Amino acid sequence: MEYKGKKMRSWQMDAIGHDNLELRNVAIPQAGQGEVLVKVAAVALNYRDKMVIETGRSLALNFPFTPGSDLAGTVVALGEGVTSLVIGDRVISTASPDWIDGIRPGNARLPFYRTLGGYYPGVLSEYIVLPETWFVKAPSSLTNAEASTLPVAGLTAWFALAERARVRAGDTVLIPSTGGVALFGLQIAKAQGAETIVCGSAKNEERTRQLGADHYVNKDRDDWMEVVLNITNDRGVDVVLEVIGGRNLGKSVELTAVGGHICQIGALDGFDLLAPAMPLMLKDITIHGIGTGSRRGLENLIRAVDRTRLKPVIETTYPLADLPIALGHLARGAFGKIVIELE
């Protein structure tokens, strides 16, 4: 099919703010040297997408700006010199395309934060052109909607538990949420052979236990921290997947075992973290700052997904035109992921 001169729908904004989002008809981009054209099938939403739309997150956005970073789709056209992909390949995006392997790029003065849907253009469009190295082949065991949830939420949980904290059989992992990253964390921890404790609202207990949670603690109880300590016979947990941030970090410190690990991921409770110093020091706790993960980490996750048949949890899907409604759902909270489907 010839795409030159044809139109597509794309969400764009000319200024920061939810009210500036507009679904426009624009030209389908053409693949240049080393690039591929991908027909987008699904885009998973992340809380950071909402934050970028509403505040810009202090990023130098280029307008018109398209939000979104996590896509699954099919390669439909190739630019000159493309060697790693062919037409028909199912692919997913790499949200941090410059981070190939090893430690994250950047330095002490300028931490590296170049992602799709931020520093780079986003993916909430019917077609997208990017360098071939910015995609990896999608897991064969997942649908497009499921595969679209891996680039940020899936990789963040995987990178934290499998590649930084190195969770193994016999460990106890605390997951204080039932959002997208949290439920990936539950499934990954179980696949590694760990005992899992999930904290959340009472309404989500049955579904969380069906995913394999060994213990579920109602976080609306005043004594929920005592319940966690009792489950571990006061030993504490080996790893906390800290997806809330703010003052919740202090609670994670109190619940972590001697020599344990905290993977600091989220900032739902704010970017200013607060924790008591004495237990942090006396228990020799390691805190890992987690900002998604590398391309190599994503490839490792994809192999694990295909081998273990891990299935991402999607609460609901919306058509492309309903992005504002989907963002409202995201703001209210979801059990797992929210996905925009384009097919």
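Values in this text are rule-based calculations from the coordinates and carry no lab data. No experiment lies behind these values; they were computed from the predicted model shown. All Cβ positions, glycine included, derive from the backbone under ideal geometry; neighbour counts span all protein chains shown.
Tabulated results
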| item | result |
| --- | --- |
| Cα-Cα over 23 Å, subset of Lys7/Lys39; Lys190/Lys219; Lys39/Lys337; Lys283/Lys337 | Lys283/Lys337 |
| Derived scalar couplings ³J(HN,Hα) [segment 11-19; Karplus, 6.51 cos²θ - 1.76 cosθ + 1.60; whole Hz; x for Gly, Pro] | 7, 9, 9, 9, 7, 5, x, 3, 5 |
| Interchain or long-range residues, amide H under 5 Å from Val237's placed H | Thr256, Ala257 |
| Under-5 Å amide H pairs with Ala77, H placed in peptide plane, nonlocal only | Leu37 |
| Relative contact order of segment 154-289, pairs being alpha-carbon contacts under 8 Å that are 6 or more residues apart, as % | 22 |
| For segment 155-170, Karplus couplings with θ = phi - 60° (6.51, -1.76, 1.60), whole Hz, Gly/Pro x | 5, 4, 5, 5, 4, 5, 7, 8, 10, 10, 6, 6, 4, 9, 4, x |
| Ranked list, fewest to most other Cβ atoms within 10 Å of each Cβ, for Val305, Val123 | Val305, Val123 |
| Coil-residue GluC sites (Glu not before Pro) of segment 99-183, DSSP, other Cβ within 10 Å capped at 10 | none |
| Per-residue [θ]222 nm for the chain (sum of -39500 (n - 2.57) over DSSP H runs n ≥ 4, rounded to 500) | -6500 deg cm²/dmol |
| Under 5 Å, built H, 5+ apart or other chain: amide partners of Ala41 | Ala72, Gly73, Thr74 |
| Sorted by Cβ neighbour density within 10 Å, fewest at the top, the residues Phe63, Phe184, Phe135 | Phe63, Phe135, Phe184 |
| Part-to-part distance (alpha-carbon centres) for segment 313-335 and segment 215-270, which is given in Å | 28 |
| Euclidean distance between Cα centres, segment 23-71 to segment 121-138, Å | 9 |
| Alpha-carbon gyration tensor eigenvalues x 5, square-rooted, for segment 122-269, Å | 30, 16, 15 |
| At most 13 other Cβ within 10 Å, DSSP loop - GluC sites (Glu not before Pro), segment 1-105 | Glu2, Glu80 |
| Sequence of Lys39, Lys337 once ranked by neighbouring C-beta atoms within 10 Å, starting from the fewest | Lys39, Lys337 |
| Highest-fluctuation residue, Arg104, Arg235, Arg332 considered, GNM on the chain with Cα pairs under 10 Å | Arg332 |
| Furthest towards positive pole of dipole, Val253, Val167, Val228, structure part segment 154-289, Cβ charges | Val167 |
